[in-house]
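The values are calculated or read from the model by the stated rules, or taken from the named source; none is laboratory data. For clarity, every value in this text was computed on a predicted model and none was experimentally measured. Cβ atoms come from the backbone with ideal geometry, glycine included; neighbour counts cover every protein chain shown.
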Ligand code: ARG
C-alpha cells in the first residue's frame, strides 16, 4: 500500500510556534514527524516528554535526540580551535547548534522518507538562513519550509485560539519578556526592553551569571588543561567536553563573569541588540588563546587570527557544511598540534584573568627573554637587523620628504586645515 500523504520533519521545541505548526502542516496535507533536540537548554532533561506531547498533538512519529555530547565534541570543539568570536564579540551559540540539529533533521527525513523539513524561525533572523543552507548542503533536494515567516498569526492569542478551535490545549508557561535561545554553550537574550540600545539590560535578563557586585568576595582560582587545543581538564580533573562546559558555566557564572551586550549585524542585513551569557565560552576561548600565544610562532598566530574571523563569519552565516569551513578547520587542526598545556585563571567579581601558563611546547625561552643573569640572546645581531628591517622606511623618508620633518608637518597642517579638524599642537605655528 502506498502512502499518498507527504511527510515533513519538524524541528519541534515544544513552544507555542512549533506546536501550532503541527496542525498547520497537517491541514496542508502533511504527515508530521517531530524531532526534539536536547542541547542543554532548560527543560531539555525531559525531551522525551516533549516528544510524547508532539505525538499526542497528532505527529505520526516523534524523536527525542540528546545532542549535547555531539554538540560539544564537534561544534564547540571546532569553535574553540577557531577562537570563534563573530564581530570580535559573540562566541556564537545559536549558530553552532544549528548544524548539529540540521544533521539529525536530514538523517531522520531520509529514514522516514520525508521530502521536506520545517522550522519555526521568524523571517528576520539568522536561523532561517542557517536551517535552509545547512539542510540543503546535506541534501540539495530537500524542501525547507519556514511557515512562521509568512503565516497569518500576529499575536500569541491568535495562535492559542487556532489550536483551541482544533481541540488542542496549549499550556503557555509564564512567558519570558525576551526572545531566548539557550543551549549548553550559552544563552541569547533579545527583544522586549532590550530593543532600545540605551536601555541597560534589566537584572531579570541574566540567569547564568550573578551580578558581579554580588559575586564572592574571594578570588576563585581555576586551572584548565588543554590537549592539542581541546580542553580536557578542569582543576586537574579529566572531564568530557560537555562536563567541562557545564562546570565552567557554573564556576564562571557564579563569579559574575560571562555577560555580553552588543549591537550585532545579522546576515539578513539589519542591526540588532543582542545580550548573551556565555561564561564557559568566554573563559575557554580566553584560556585557549593565551596558550596559543605561548606555544605558536608569531606568523602562524597572525595568519590564524585572520582565518578565525573568516570562520566565525562563515559559521554565523550558515556556511557550516561548505568547503570553506572544512578548509579552515584543516588549517586550525594543523595549528593545534602543540597547543597542549595548562592555563591558570583567576575569577573575581565579573572578571576572568589569565595568571599563569605552562606547556612542554612553550616557545617562551627564559634565556632569550631575561634581562637578568642567564641571558642567551645575541644583541650584536640587532643593529644589522634594524638596518635591513628599517631600510624601506628610510628610503621612503629620503625620497618623499627629503627627510625634512618640518616639511612633513606643513603638509600635515594643510591636510588638517582642509579637513577642518583640529591641528595637532606640534604642527600649529
Ligand atoms: N543573534 C544570535 C545568532 O544569530 C542569537 C539568536 C538567538 N535567537 C533568539 N531567538 N533569541 O546567533
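Every residue in the range 207-223 that is over 30 Å from residue 178 (Cβ atoms) and either touching a helix residue (DSSP H, G or I) at 6+ places or on another chain (Cβ under 9 Å) or in a strand (DSSP E or B) (or both), please.
If the condition is that a residue be over 30 Å from residue 178 (Cβ atoms) and either touching a helix residue (DSSP H, G or I) at 6+ places or on another chain (Cβ under 9 Å) or in a strand (DSSP E or B) (or both), then 221, 223 are the ones that fit.
Anything in the range 268-288 that is under 26 Å from residue 233 (Cβ atoms) and in contact with a helix residue (DSSP H, G or I) (Cβ under 6 Å, 6 or more places away or on another chain)? List them, or say none.
279, 280, 283, 284, 288
Just the residues that are under 29 Å from the mean Cα position of the chain (by Cα) and either at pLDDT below 85 or exposed (fewer than 10 other Cβ atoms within 10 Å of the Cβ) (or both), please, taken from the range 145-171.
Scanning the range 145-171 gives a single hit, 150.
For (1) modelled with pLDDT of 80 or more; (2) surrounded by 10 or more Cβ atoms within 10 Å (Cβ to Cβ); (3) in contact with a helix residue (DSSP H, G or I) (Cβ under 6 Å, 6 or more places away or on another chain), each residue gets a yes or a no:
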| site | (1), (2), (3) |
| --- | --- |
| 376 | yes, yes, yes |
| 388 | yes, no, no |
| 414 | yes, yes, no |
| 418 | yes, no, no |
| 424 | no, yes, no |
| 427 | no, yes, yes |
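Of the conditions (1) away from the ligand (no atom under 16 Å from the Cβ); (2) at positive phi, residue 45 fails just one. Which one is it?
For residue 45, the failing item is (2).
Quick one: would you say residue 204 is free of Cβ contacts under 8 Å to residues at least 12 places away in the same chain and in a helix (DSSP H, G or I)?
Answer is no for this residue.
For the range 224-334, give me every one of the strands (runs of 3 or more DSSP E) that falls completely inside it and has 2 or more residues that are modelled with pLDDT of 95 or more and under 30 Å from residue 191 (Cα atoms).
Strands (runs of 3 or more DSSP E) meeting the threshold: 259-265, 271-277.
Could you check the range 100-129 and list, in sequence order, the residues that are assigned to a loop (DSSP other than H, G, I, E, B), closer than 24 Å to residue 19 by Cβ and away from the ligand (no atom under 11 Å from the Cβ)?
114, 115, 119, 123, listed by residue number.
Restricting attention to the range 64-79, does a residue exist that is modelled with pLDDT of 95 or more, touching a strand residue (DSSP E or B) at 6+ places or on another chain (Cβ under 9 Å), at positive phi and surrounded by fewer than 22 Cβ atoms within 10 Å (Cβ to Cβ)?
no
Pick out the one residue from 176, 97 that is at pLDDT below 90, outside any strand (DSSP E or B), in contact with a helix residue (DSSP H, G or I) (Cβ under 9 Å, 6 or more places away or on another chain) and within 16 Å of the ligand (Cβ to nearest atom).
Testing whether each residue is at pLDDT below 90, outside any strand (DSSP E or B), in contact with a helix residue (DSSP H, G or I) (Cβ under 9 Å, 6 or more places away or on another chain) and within 16 Å of the ligand (Cβ to nearest atom) leaves just 176.
Restricting to the range 32-47, name every residue that is modelled with pLDDT of 95 or more and either in a strand (DSSP E or B) or surrounded by fewer than 18 Cβ atoms within 10 Å (Cβ to Cβ) (or both).
32, 33, 34, 35, 36, 37, 38
Would you check if there is a residue in the range 323-330 being closer than 21 Å to residue 229 by Cβ, touching a residue at least 40 places away in the same chain (Cβ under 8 Å) and within 16 Å of the ligand (Cβ to nearest atom)?
no
Give just the number: which of (1) surrounded by fewer than 18 Cβ atoms within 10 Å (Cβ to Cβ); (2) touching a residue at least 60 places away in the same chain (Cβ under 8 Å); (3) away from the ligand (no atom under 16 Å from the Cβ) does residue 275 not satisfy?
(3)
If you scan the range 335-345, which residues turn out to be surrounded by 18 or more Cβ atoms within 10 Å (Cβ to Cβ) and either out of contact with any strand residue (DSSP E or B) (no Cβ under 7 Å at 6 or more places or on another chain) or in a strand (DSSP E or B) (or both)?
Scanning the range 335-345 gives 335, 336, 338, 341, 343, 345.
Look at residue 265 and say whether it is out of contact with any helix residue (DSSP H, G or I) (no Cβ under 7 Å at 6 or more places or on another chain), within 16 Å of the ligand (Cβ to nearest atom) and either touching a residue at least 12 places away in the same chain (Cβ under 8 Å) or more than 25 Å from residue 218 (Cβ to Cβ) (or both).
In short, yes.
Yes or no, residue by residue, for (1) within 16 Å of the ligand (Cβ to nearest atom); (2) closer than 27 Å to residue 314 by Cα; (3) surrounded by 17 or more Cβ atoms within 10 Å (Cβ to Cβ):
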residue: 197; (1), (2), (3): yes, yes, no
residue: 209; (1), (2), (3): no, no, yes
residue: 229; (1), (2), (3): no, yes, yes
residue: 260; (1), (2), (3): yes, yes, yes
residue: 289; (1), (2), (3): no, yes, yes
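Quick check on my filter: what residues within the range 179-194 are more than 6 Å from the ligand (Cβ to nearest atom) and in contact (Cβ under 8 Å) with a residue 24 or more places away in the chain?
Here is the first cut: in the range 179-194, the residues more than 6 Å from the ligand (Cβ to nearest atom) are 182-187, 189, 191-194.
Listed by number, the residues that qualify are 182, 183, 184, 185, 186, 187, 189, 194.
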